[in-house]
């Protein structure tokens, strides 16, 4: 099993700040430490909010990609 096989996915497309971060926070709290959550968002503010949230909450932002108007974050729970 690869790392990508074991990640959970959370699609928060269409939701505006602060909902993408709040929903990611809730999901990460229920995940075992070290597991990766893939968050798919469409809110441009998520590009600022999600990295800030990771630093404040002690999670690792593994990657951040943008594909057009879609933002993809991979966050390892801390």
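Where a number appears in this text, it was derived from the coordinates with a stated rule and is not lab data. Keep in mind the model is a prediction, meaning the values are calculated, not measured. Reconstructed Cβ throughout: ideal geometry from the backbone, glycine too, with neighbour counts over all protein chains shown.
On a 0 to 90° scale, report how tilted helix 19-29 is relative to the longest principal axis of the chain, with both axes built from alpha carbons and the result rounded to the nearest 10. Once rounded, the angle reads 10 degrees. Relative to the longest principal axis of the Cα atoms of the chain, helix 46-57 runs at roughly 40 degrees. Calculated from the structure at hand, Rg and Dmax of the Cα atoms in Å is found among (i) 15.2, 45; (ii) 13.0, 38; (iii) 11.3, 34 as (iii). Between residue 40 and residue 11, the simple spin-label model (points 7 angstrom out along Cα→Cβ) gives 0.4 nm. Here the chain carries DSSP beta bridges of which approximately 75% are antiparallel, counting only pairs with both residues inside.
Placing a pseudo-label 7 Å from each Cα along the Cα-to-Cβ vector at residue 60 and residue 19 gives an inter-label distance of 3.1 nm. Per residue, the average separation of C-alpha pairs within less than 8 Å and at least 6 apart gives the chain a relative contact order of 34 percent.
Rounded to the nearest 500, the helix-only mean residue ellipticity at 222 nm of the chain stands at -9000 deg cm²/dmol, with each DSSP H run of n ≥ 4 adding -39,500 (n - 2.57).
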